[in-house]
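Quick note: the coordinates plus some simple rules give every number you see, no bench work behind them. Keep in mind that what you see is a predicted model, and the values were worked out from it rather than measured. When we count neighbours, we look across all protein chains shown, and the Cβ atoms used for this are built from the backbone with ideal geometry, even at glycine.
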C-alpha cells in the first residue's frame, strides 16, 4: 500500500475540528484514505473519545435510506467517526450536521465527529460554508504525488498520472484504458450533473484542446470560436473542470514593478496522465516525441510543487510584455518569495527572461527544477535542483 502523505495531517485536523472535509477528484483515493483513518480510530481511538467508525456512501441508495431520519441515525453513533462519502449529494444534511455538532459541543463531544468526502469542491464548499462555518476544516487529497512513490517511478508517475488505478495498473495499455474510461465517466455523468447542457463530444473537444495547450494562456474567445460556443458558456465549463479538481488556473502575479504584465491566467490539466490520455499518448516513446512533452513536464512539476506547498502559500506566474518570465512563484509565509523555472532537459539553463524577472521581483530563492537528482549552482543565485529534492524541501517547510 502506498503511504499517503496527507494521513497525519488528516488525523491532526480531526483531532482539532468537529468536522473535516476531504476534497479531491473522483478516484483519487479519498475513500481508501478515509477507511484507513477509520481503522486507525477503531484501533487507537481519537482524542480519547472515539471508539470506532461508520462509513456511508451517499451515492448508494441503501446508505441514503439509512439517513431517512438523519438526526436520529447519526445521534446514535455519537461515539464513532462518521465518514460521509460524496456528501454534496445530500445538501439538506449540512443543517443536521450543524445541529449535531453544536449539541455535541455542549455535551463535551468536540473534535473528530464527521469526515466529509467530496469530489465537487465548489458545491461542497458552498454548502458547508453556509451551514458549518467555524465547524469544518478543509484538506485536499490529490492523486498520487512524487514523494508518495519510489524515486525510480517518477517517470511512470508522469506518464500514467497519479490516479491509483492508473498508476498501479498491470500494463501501460490497461492504465491508458482506465484513464480513457474515467474521462468518459466525467463527460457523460459528472459534468452533466453540474448543469452542462452541451453534448459530451463538445466537452471532450474542449478538454482535448486544453491538453494540447497545456500551460497556455487562457483565450476564451479563441476556445469559443473553435467550439462554436459563446464566451460565457466556455467560462462556465472551465469553472466546472476547476470545480471537479481536473483543471488548475494559475493566476498572473500581481507586482508593483511598474512593468506591463500579462493579465490572463494559465491553464493546466492537473493530472499528467489525463493529459496523455486525452491526446492518445500511451508510452514514454510516444510522449518523448510528442509536441506536448515540454508543457506536460511543466504541468507535472508545477502540480507536484503546488500540492507540497504549505497552507497559506501564495502562488502564480510572472510574465511581462518585454519577455521577463517565471514559470512558478511561491510566496511561503516566513520563507520569502521563491522563483522557479521548470525545464525537462538535464543540461538546461535559465532563460534570459527568468533573470530579467528576478531583477524585477528580487526573490529570496531562485530555482531551476528538472527531472534529475543532482543539485548545483549556475550563477546569479540560481540553483539547479531535481523535482523530487525541491519537493522534499518544500514538504519539510509544510511540516514546520
message: Between 0 and 90 degrees, rounded to the nearest ten: what's the tilt of helix 93-106 against the longest Cα principal axis of the chain?
response: 70
- request: Compute the Cα gyration tensor for the stretch 7-140, then decide on rounded, prolate or oblate, letting a ≥ b ≥ c be the square roots of its eigenvalues: rounded whenever a/c is under 1.5, prolate when a/b is larger than b/c in the other cases, and oblate in all that remain.
  value: rounded
- prompt: For residue 201 and residue 283, FRET efficiency with R0 = 30 Å and r from the beta-carbon atoms, rounded to 0.05?
  reply: 0.70
message: Could you order the peptides 96-102, 5-11 from most to least packed, using the average number of other C-beta atoms within 10 Å per residue?
response: 96-102, 5-11
task: May I ask for the distance between the Cα centers of the stretch 53-120 and the stretch 121-176, given as a whole number of Å?
output: 24
Shape call, the stretch 85-148: gyration tensor on alpha carbons, a/c limit 1.5: oblate
task: State the antiparallel share, in %, of DSSP beta bridges confined to the stretch 351-398, rounding to the nearest 5.
output: 40
The chain, relative contact order in percent, only Cα pairs under 8 angstrom and at least six apart counted: 13
query: Once the Cα atoms of helix 7-16 and of the chain are each reduced to a long axis, what angle between those two axes, in degrees from 0 to 90 to the nearest 10, is obtained?
result: 50
- line: Percent antiparallel among DSSP beta bridges confined to the stretch 7-140, nearest 5, equals 5
Segments 196-202, 70-76 sorted - mean Cβ within 10 Å per residue, highest first: 70-76, 196-202
- request: Take each of the peptides 292-303, 162-173, average the number of other beta-carbon atoms within 10 Å over its residues, and list them starting from the highest.
  value: 292-303, 162-173
message: Apply the a/c threshold of 1.5 to the C-alpha gyration tensor of the stretch 147-306 and tell me whether it is rounded, prolate or oblate.
response: oblate
query: Where both partners of a DSSP beta bridge lie in the chain, what percent of those bridges are antiparallel, to the nearest 5?
result: 40
- prompt: So how tilted is helix 387-399 from the main axis of the chain? Cα-based, degrees 0 to 90, rounded to 10.
  reply: 40
- request: Extending each Cα 7 Å along its Cβ direction at residue 165 and residue 193, get the distance between those two points in nm, one decimal.
  value: 1.4
task: Set the Förster radius R0 to 30 Å, insert the Cβ-Cβ distance between residue 230 and residue 130 as r into 1/(1 + (r/R0)^6), and round the FRET efficiency to 0.05.
output: 0.50
field: C-alpha center-to-center spacing [the stretch 195-245, the stretch 327-372] in angstrom
entry: 30
message: Using Cα-Cα distances under 8 Å and only pairs 6 or more residues apart, what relative contact order does the stretch 7-140 have, in percent?
response: 40
- prompt: Where does the chain land at 222 nm, in deg cm²/dmol rounded to the nearest 500, when only DSSP H runs of n ≥ 4 count, each adding -39500 (n - 2.57), divided by all residues?
  reply: -12500 deg cm²/dmol
